[in-house]
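Asker: One structure coming up, written as structure tokens, with questions to follow.
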Amino acid sequence: MTEPRHEPTPASGPPQVSAPPQASATHQAPETQPVDQLQDGALPLPSRGPAEDAPLAALSIRGLAKRFGEKIAVDGVSLEVPAGSFYGMVGPNGAGKTTTLSMATGLLRPDFGTALVHGVDVWARPLEAKKLMGVLPDGVRLFDRLTGEQLVTYSGLLRGMDRDVVGSRVSELLAALDLQADAGTLVVDYSAGMTKKIALASALIHAPRLLVLDEPFESVDPVSASNIRGILESYVASGGTVIVSSHVMDLVQRMCSHVAVVAGGRVLAAGSVDEVRNGSTLEERFVQLVGGGHRTEGLEWLRTF
Amino acid sequence: MVAHLLNLKWRLLLNGFKRSPWQLVGMALGLLYALGVLSLLIGGLIALRWADAEIAHTVVVLGGAATVLGWAIIPLVASAADMTLDPARFTTFAIPPRQLLAGLALAGFIGIPGLATLLAALGTVGTWWRSVPAVAGAFLGAILGALTCIVLSKVVTTATAGLASSRRFKDLSSIIVFIPLMLLGPIMVGIVDGVRGSADYLPVLARTVSWTPLGAAWSLGGDLESGNLGAAGLKFLISAATIAGLLLCWHILLQRALVTPPYSGGSARKGGKLGLFALLPGTPAGAVAARALIYWMKDPRYAASLVIVPLFPVIFFFSGSQSGSYGLLMLLGPLTAFMMAWSICADVSYDNTAFALHLAAGVRGIDDRLGRALACLAISLPVVLVFTVGPLFVTGDWQWLPNLLGLSLGTLFTGLGLSSVISARYNIAVPLPGDSPFKKPPGNVAQTLAVQAVGMGVLALLLVPELALVAVQAFSGGPEAGWVNLVVGPLLGVILFVLGVRLGGKWLDARGPEMFAQLSVNR
């Protein structure tokens, strides 16, 4: 009762030329700070992209756009996430971070644009691309009537992994994330931080080459956060690639090698952290880029008690 | 402050209507139904005006007492307490407790159940439209009685808030409450028989109850009509004291609840028990089946549909024993097969956004479909076999066995195949994970009904061969058609099952993200 999979073999020759980027026809290329920008108006020739593209980018987002009714949530986002980088994505609420990451991971079909994971088109060859990725989506439920241990096991078996391998990895992951004591508790009874950690474990179980984590540190306590950071840093050190979205500038500045500032569905700046912050702190640069920050005026009554 | 709270409740009620026109239509239908029941009730109470005073007193007191009990119990078991003005939401506003209590109590009357209770209570004024003191007493009693209902329900919900917020209690109560609901018919008949047998006893019971907090208020009109001034005075004191006592309890409970929010954590448990994940094959489809089976046991929304399964034969047997013919009992197997196969139509909708894991992990559609269908099959196949063969022990129509088996198995497999297709494409409005199976689901109910209706039509078409063979035996009387059905039913069923799983898998592969987008709307 199984169906043969009709998928081309992984790109060993020239990477597939994806569908013509209609995005460029309707969307102006965003005014990106010229750091790590892809020429997304031109025909996509992935192997001959910008200079640092020579080792294939772990994640290559080209002209992704999505509209929900009247609202344009993502307006032509292009990003190159180099393999082996720790990439931060920062932006105010409603900037389109989650929408962009959903489209890049195959959870939300984009109106325009493509996403390539190590050269594999997420929307043309989804099953293959998803094997390379570990995803921690934000704001989705888990199968929370399973115990933590069962959930991570489930996640491994769903990807067709061998049961013994899954078993040994699950216990290592639970130990690394300090969840051993609650391994047999139903996930529905977990705290918010524990839930985040068990979801992260589910994303790590198949040893993906790219990790896409949406708000991984939200509601996680400081000890666990530094735990997770350690895991991610050694993962990057051994050649993996991580992309995280976050509100916490400090964390991104300390942790990430690269950063993209996103607002209003566009990329305002992207590149290595030092390039983007350009001498000032990331937070200052962020406020400067995104605008706002007129917080000294008004609210005088708040000082009168 | 009290006016503010009343205004707030009113505004919340109105804004609830504003969310979508469909909601308005639904509410209008509900309102119409409530109005119908209410006008019948009030009409009945007014008609009692011409009945014997003793009978009127009995009816009003017992009915009133039952209403008070209902207000205490129903919010608890149905987890349907009206929490729009949850006191916990007012913790950060320094509202004086007396005003908070008064406001919350009065706000309890704004809303359909509160208003209906108040109006029905005022209907007793019509019952005692016999003399001025009786009318005055009935009016006072109605107000006191309705107030008792509201405050008692507040006390009960506040007292059990900690209990009710624990997941285990919620899971259990939402399943257990199905049992009396399903057995409503037999229970009603039992009660009616009991009442018929003890008609003389009821007035005595009413007189006794009228001296308790449950019935004291409802008794005022009757006592004043029959001139028992002393009794009426005492009962007024009892009901007033009841309300005062309840208010005091509520006050104390609220103050305690406001500073100690309920703790809902369980104790930590070590791992090492993979359960079904260790038993079923370690393939994607096997994992999906293991997960689905665990959910059939542990998620109250699934478990509730399992709990009612053993009640089916009870109901069928009961209706058979009422009518004297057990012919309907023979349909038990096919009907159960249909119910259980149909239930996984909503499988992906039950997952809600947890479906993201399947999508992100790149599970092939066919593995997803197959796992879910096999989990349902593992539970329903033995049940359907037992329910098909079992009734024949009662009826003795053994010549029907092959035909019924064919029909049941055909229905089960065909239904599973069709459900696999439907749940791959259409999102069905179901209660959210963790909600009570009774809770009104969010989402597009109209689309759900349309999908269900069309789906059942398609199922009927797919089952035409099996149904025709049943008809042939019914007309010809010979068992030959039955033996044909025993072959045709399972064979055709399994073919359609395979086709359904494949087609559903293909659809899910193509439209997984769209399905997920639909699911994310209702979260």
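Asker: Quickly rank A:236-249, B:290-303 as a protection proxy: mean count of other C-beta atoms within 10 Å, highest first.
Answerer: In decreasing order of mean packing, A:236-249, B:290-303 become B:290-303, A:236-249.
Asker: Moving on to the next point. For chain B, just the Cα set please: Rg and Dmax, both in angstrom.
Answerer: Computed over the Cα atoms of chain B, radius of gyration and Dmax are 27.9, 81 Å.
Asker: Neighbouring Cβ atoms within 10 Å as the yardstick, rank A:R209, B:R49, A:R145 fewest first.
Answerer: B:R49, A:R209, A:R145
Asker: Moving on. If we count every other residue with Cβ under 11 angstrom of A:D138's Cβ, Lys/Arg +1 and Asp/Glu -1, where does the sum land? Before the final figure, lay out the partial values.
Answerer: Values: positive: A:K97, A:K196; negative: A:D214, A:E215, A:E218.
Summing Lys/Arg as +1 and Asp/Glu as -1 gives -1.
Asker: Output the 0 to 90 degree angle, nearest 10, between the alpha-carbon long axis of helix B:401-425 and the longest principal axis computed from the alpha carbons of chain B.
Answerer: Rounded to the nearest ten degrees, it is 80.
Asker: Would you tell me the mean number of C-beta atoms belonging to other protein chains that fall within 10 Å of each C-beta in B:503-515, as a whole number?
Answerer: Other-chain Cβ atoms within 10 Å of each residue's Cβ, averaged: 2.
Asker: Output needed for the stretch A:145-267: three equivalent-ellipsoid semi-axes, defined as square roots of 5 times the C-alpha gyration tensor eigenvalues, in descending order, whole Å.
Answerer: On the way: eigenvalues 132, 56, 36 Å².
Computed over the stretch A:145-267, the values are 26, 17, 13 Å.
Asker: So if R0 is 35 Å, what FRET efficiency would B:I112 and B:K273 give, r being the distance between their Cβ atoms, rounded to the nearest 0.05?
Answerer: So, using R0 = 35 Å, E works out to roughly 0.15.
Asker: Could I have the simple spin-label model distance between B:L41 and B:V314, label points 7 Å from Cα toward Cβ, reported in nm to one decimal?
Answerer: 2.7
Asker: Still on this structure, I have one more. For the stretch B:280-385, report the % of Cα-Cα distances exceeding 16 Å.
Answerer: More than 16 Å apart: 62 percent of the Cα pairs in the stretch B:280-385.
Asker: Going down the table (B:K154/B:K235; A:K97/B:K270; A:K197/B:K9; A:K97/A:K130; A:K66/B:K9), which pairs top 29 Å between alpha carbons?
Answerer: A:K97/B:K270; A:K197/B:K9; A:K66/B:K9
Asker: If r is the Cβ-Cβ distance from B:V521 to B:Y33 and R0 is 35 Å, what FRET efficiency results, to the nearest 0.05?
Answerer: FRET efficiency, B:V521 to B:Y33: 0.80.
Asker: Mind sorting A:R109, A:R125 by how few other Cβ atoms lie within 10 Å of their own Cβ, fewest first?
Answerer: So the residues, fewest neighbours to most, are A:R109, A:R125.
Asker: Could I ask something else about it? Just to check, using Stokes-Einstein with a Kirkwood Rh over alpha carbon pairs, what's the diffusion coefficient of the stretch B:330-399 at 10 °C and 1.306 mPa s in µm²/s?
Answerer: Details: Rh = 14.0 Å.
Rounded, D is 113 µm²/s.
Asker: Can you give me the relative contact order of the stretch B:238-357 as a percent, contacts being Cα pairs under 8 Å and 6 or more apart?
Answerer: 9 percent.
Asker: Which distance in nm do the two modelled labels at B:A66 and A:S257 give, with both placed 7 Å along the Cα-to-Cβ direction?
Answerer: 7.6
Asker: Helix B:284-298 versus the longest principal axis of chain B: what angle, 0 to 90°, nearest 10, using Cα atoms?
Answerer: Around 30 degrees separate the two axes.
Asker: When the C-alpha atoms of the stretch A:201-250 are aligned to their principal axes, what extent does each axis show, in angstrom, from largest down?
Answerer: Principal extents (Cα only, largest first): 25, 20, 19 Å.
Asker: I would also like to ask the following. FRET efficiency for A:E233 and B:K298, Cβ-Cβ distance as r, R0 = 41 Å, nearest 0.05?
Answerer: The value I calculate is 0.65.
Asker: Next question, about the same structure. Suppose the chain between B:H251 and B:A474 were pulled fully straight at 0.36 nm per residue; how much longer would it get relative to their current alpha carbon spacing?
Answerer: So the chain would gain 73.5 nm between B:H251 and B:A474.
Asker: If you line up the long axis of helix B:2-18 against the longest principal axis of chain B, both from Cα atoms, how many degrees apart are they, to the nearest 10?
Answerer: 30
Asker: Could I ask something else about it? If the viscosity is 1.567 mPa s and the temperature 4 °C, what Stokes-Einstein diffusion coefficient in µm²/s follows for the stretch A:141-207 when Rh is the Kirkwood radius over Cα pairs?
Answerer: 114
Asker: Starting with the fewest neighbours, write out A:Y235, B:Y350, B:Y33 ranked by other beta-carbon atoms found within 10 Å of each beta-carbon.
Answerer: Neighbour counts put them in this order, fewest first: B:Y33, A:Y235, B:Y350.
Asker: Further question on the same structure: Over the stretch B:393-523, calculate the relative contact order: mean separation of alpha carbon pairs under 8 Å at least 6 apart, over the residue count, as a percent.
Answerer: 46 percent.
Asker: Of B:W296, B:L332, B:Q322, which is farthest towards the positive pole of the stretch B:267-351's charge dipole, taken about the Cα centre with +1 and -1 on the beta-carbons of Lys, Arg and Asp, Glu respectively?
Answerer: With unit charges placed on the Cβ atoms, the residue in question is B:W296.
Asker: Counting Lys and Arg as +1 and Asp and Glu as -1, what is the net charge of the other residues whose Cβ lies under 12 Å from the Cβ of B:A231?
Answerer: Every neighbour counted, the sum reads 0.
Asker: Shifting gears a bit: Simple spin-label model, 7 Å along Cα-to-Cβ: A:W301 to B:L24 in nm?
Answerer: Rounded to a tenth, the inter-label distance reads 3.6 nm.
Asker: Something else now. Quick one: grab the alpha carbon gyration tensor of the stretch B:404-523, order the square roots of its eigenvalues as a ≥ b ≥ c, and give me rounded if a/c is under 1.5, else prolate or oblate depending on whether a/b is larger than b/c.
Answerer: It comes out prolate by the Cα gyration axes.
Every number here is computed from the coordinates shown, using simple stated rules; none is lab data. Every value quoted in this text rests on a predicted model; they were computed, and no experiment measured them. Glycine also receives a Cβ, built like all others from the backbone with ideal geometry; neighbour counts cover every protein chain displayed.
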